[in-house]
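What follows is a single structure, written as structure tokens, with notes after it.
Nothing in this text is a laboratory measurement; each read-out follows from the coordinates by a stated rule. All figures in this text were calculated on a predicted structure; none of them were measured in a lab. Ideal geometry is used to build each Cβ from the backbone, glycine not excepted, and the neighbour counts take in all protein chains shown.
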Amino acid sequence: MTDDTTVSRPDLEGPYVRLPDATLSSYADQYLDEVASIPEHRATVGCVIPAYNEAETIAGVLDSLLMQTRLPDVIHVIINNTSDDSVEVASHYAGPHERRGPHGLQNTVIYVHDIGKNPDKKVGALNYGYSLVEHMDFVLGVDGDTTPEPDAIEALVDEISSDDRIGGISAIYSIDDSALDGPMAKFLIAGQRAQFSAFNMQNLLKGRNMAVLGGQFSIFSTRALRDVLRDSHQRTPWVKDSEVEDSLLSLQIKSAGYLTKISATARAHVGGMTTLRSLDAQQVKWNFGAIDLMWPGQRGDTRGQPLHPNLRLRWFEHMSMVINMVTRLMFLMLLLGSLSIDAFVFQAWWAIPPFIAILLNFRVARSMAFANRRDYLFAITLVPAEVYMWTRMGHFVRAWLKFFSHQQTDNWAAQAKAERGKGSSWLYPYLALLLFLATSAAIWLQVPVDARSDVLAVCWPILGIITVLQTAWMFIKASKRYRGFKA
């Protein structure tokens, strides 16, 4: 007598044998052992760090990479055009490294390359590094002053591996403000932290679609980059034709049929600008590059793509800045004009727009993953945020004027010069504003009082309508649910 039973099923041809439960249990254990013995494919990650005069920060960057829960398989530090001790500092890290983490023993190797004088600057360094890691599954680009959180690489690799449609993912960026000297540096970093936070949250709430895979800390699929090379007839992923090489590559990845995303959890702290001079150079370069991509037609070797889906948020940002400029300049001029004829009367409802602005700024501060007291003070006192907005307006105007003047300037070199404390271009917006106000005042005082009164009677209601619409939009933004995201 046996436990095996021969039975027939109408959906199968012929009889089959039902195995005893003990045999099934034994086979299940054997099957699980066989599955466990199958080697897992571990996606390979090549990290590329372009470094220009990063002697003060490169050690911190490499330390943070070596402390990751998921180490890159290889790290290439590409030092170019440097005039400091970047090579010497980075060389102390060259060689193999081993770390035991939550996923067991991991290994990586750090290579330090000094490519000397490089006319293509960061773009040239990135492409040199890409040539060393293009055989790997993913390329991780890291700036020489960016320090990620310990789980950042693991989060990026898990996210990009989960969906073959993703061509690249950017980390959530913030700026470390723990070691700042002087009130100006603290003010500017607080403004940049709020600016980054608002930008990050916009992208997180839009399906995590990211228009710009910032070069500070982003991971790319090498398959997507190869498709970009084929479709764009390029030899290298990054090209020097654009002032914002990361924005252009992001557009090309999107055009090749891939998704460009912002991570839900991976975070990195980037270097901020601590002087008005260096902030001006950085923001003008970013705005100029964005305009170059947005504007229809051809400029040099850059083809404007105004209707590209990745540029919709850019257009919205620039239009919002125009509205901010109009309302602030109109209010300032109408206020001064009213005072000149003793016709100014304060209305209580004028306090509503500033109150809504404070509410919005407070929501932005609360959305930060690492918000501190300085972030909240920047938001609720309003004055610092307003001064920073006027500063950004100057950068905006300078970028557009530079674009339309067809100046052939190297904005990369201008930023490097500004970071060394040289150059006076950052003063131009403030001088231009003073000249504009002085000229307007001279003309205004020549106008008869009755005519001035008529102008004020027309312009104040216009400003009121614009302000009501702008305030309503701020209230809508301040009322949005953040769905658990932290910027």
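Tabulated values for the structure
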quantity	calculated
The range 234-338: trypsin sites (Lys or Arg not before Pro) falling in loop per DSSP and having at most 11 other Cβ within 10 Å	Arg235
Fraction in percent of alpha-carbon pairs per bin - 10 Å, the range 108-175	14, 45, 34, 6
Net length gained if the chain between Leu205 and Asp84 were fully extended (0.36 nm per residue, minus Cα distance)	39.4 nm
The chain - share of DSSP beta bridges that are antiparallel (%, nearest 5)	50
Separation of the Ala432 and Ile462 label points, Cα + 7 Å toward Cβ, nm	2.1
Stokes-Einstein diffusion coefficient of the range 87-140, Kirkwood radius over Cα pairs, 37 °C, 0.692 mPa s, in µm²/s	246
Inverse mean reciprocal Cα-Cα distance (Kirkwood Rh) of the range 67-157, Å	14.3
Tail beyond 22 Å, pair distance distribution of the range 312-479 (Cα, percent)	58
Spin-label proximity, Ala59 to the range 76-96 - amide N less than 13 Å from point 7 Å beyond Cα toward beta carbon	85-93
The range 163-223: trypsin sites (Lys or Arg not before Pro) in DSSP coil with no more than 13 other Cβ atoms inside 10 Å	Arg165, Lys206
Gyration tensor verdict on the range 45-273 (Cα atoms; rounded if a/c is under 1.5, prolate if a/b is larger than b/c, oblate otherwise)	rounded
Flagged links, alpha-carbon separation over 18 Å, of Lys117/Lys402; Lys121/Lys186; Lys261/Lys285; Lys122/Lys240	Lys117/Lys402; Lys121/Lys186; Lys261/Lys285
For the chain, convex hull volume per residue from C-alpha positions, Å³	223
Cut-off 20 Å, label 7 Å out along Cα→Cβ of Ala264, residues of the range 131-159 by amide N	149-159
Rounded if a/c under 1.5, otherwise prolate or oblate - the range 184-303, Cα gyration tensor axes	oblate
Spin-label model distance (nm) - Arg303 vs His97, 7 Å beyond Cα toward Cβ	4.1
Extension reserve of the Val383-Met319 stretch, reckoned as 0.36 nm per residue once the Cα distance is removed	20.8 nm
